[in-house]
């Protein structure tokens, strides 16, 4: 009777071990998928932060130049550690044409200039408000989203400069 019981359980250990091995394999695959998803999320966050910093740096470059003389679109090649070249860069920042969205005559701040003609006082200058938009496109084959940064800046212009670039 003992010999019969032993023979009826010959394949049970093999079946149970195969089921356990399958479950462990599924757990490992699930853990790898979760790790990959977390890595992608962190990579996308890092790309967004670096691209936003590159866009802000490019906008600062445009603002520090006389961009109101001839407003035009620009392409700036950026490295993470500074300005790059066409060949050696991490990000490509496209600056749209700066738009003058508002102009207001600056008020005279000096009361002693009341008797002077308007072209000799601060009243002949204009506060102009400009909209600058920088877009950073993905530079690799990885599915990254584009980053767009908008910035406003006020520039003091004289009347003839204002008439040339502001409606």
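The values are calculated or read from the model by the stated rules, or taken from the named source; none is laboratory data. Quick caveat: nothing in here was measured; it's all calculated off a predicted structure. Virtual Cβ from ideal backbone geometry, glycine too; neighbours counted across all protein chains shown.
Please state which one of 62, 97 is closer than 22 Å to residue 154 by Cβ, at pLDDT 85 or above and either assigned to a helix (DSSP H, G or I) or touching a helix residue (DSSP H, G or I) at 6+ places or on another chain (Cβ under 8 Å) (or both). Before you say what the answer is, go through the steps one by one.
Details: 97 fails: either assigned to a helix (DSSP H, G or I) or touching a helix residue (DSSP H, G or I) at 6+ places or on another chain (Cβ under 8 Å) (or both).
Among 62, 97, only 62 is closer than 22 Å to residue 154 by Cβ, at pLDDT 85 or above and either assigned to a helix (DSSP H, G or I) or touching a helix residue (DSSP H, G or I) at 6+ places or on another chain (Cβ under 8 Å) (or both).
Return the residues of region 65-81 that are in a loop (DSSP other than H, G, I, E, B), out of contact with any strand residue (DSSP E or B) (no Cβ under 7 Å at 6 or more places or on another chain) and farther than 13 Å from residue 151 by Cβ; say none if nothing qualifies.
Here is the first cut: in region 65-81, the ones in a loop (DSSP other than H, G, I, E, B) are 65-73, 80-81.
Subsequent filtering for residues that are out of contact with any strand residue (DSSP E or B) (no Cβ under 7 Å at 6 or more places or on another chain) retains 65-67, 69-72, 80-81.
65, 66, 69, 70, 71, 72, 80, 81, listed by residue number.
Given 117, 124, which one is at pLDDT below 80 and touching a strand residue (DSSP E or B) at 6+ places or on another chain (Cβ under 8 Å)? Working first, answer last.
Working: 117 fails: touching a strand residue (DSSP E or B) at 6+ places or on another chain (Cβ under 8 Å).
One residue alone meets the criteria, 124.
Could you please find all residues in region 70-89 being over 20 Å from residue 161 (Cα atoms) and modelled with pLDDT of 65 or more?
The answer is 74, 75, 76, 77, 78, 79, 80, 81, 88, 89.
Between a residue in region 78-106 that is over 23 Å from residue 66 (Cα atoms) and any residue that is at pLDDT 90 or above and in a loop (DSSP other than H, G, I, E, B), which pairs come within a Cβ distance under 9 Å, given they are 6 or more apart or on different chains?
Note: no pairs meet the criteria.
With 136, 42, 92 as the choices, which residue is over 18 Å from residue 162 (Cβ atoms), in a strand (DSSP E or B) and modelled with pLDDT under 90? Break it down into steps so the answer makes sense when it comes.
Numbers: 136 fails: modelled with pLDDT under 90; 42 fails: in a strand (DSSP E or B).
Going through 136, 42, 92 in turn, the sole match is 92.
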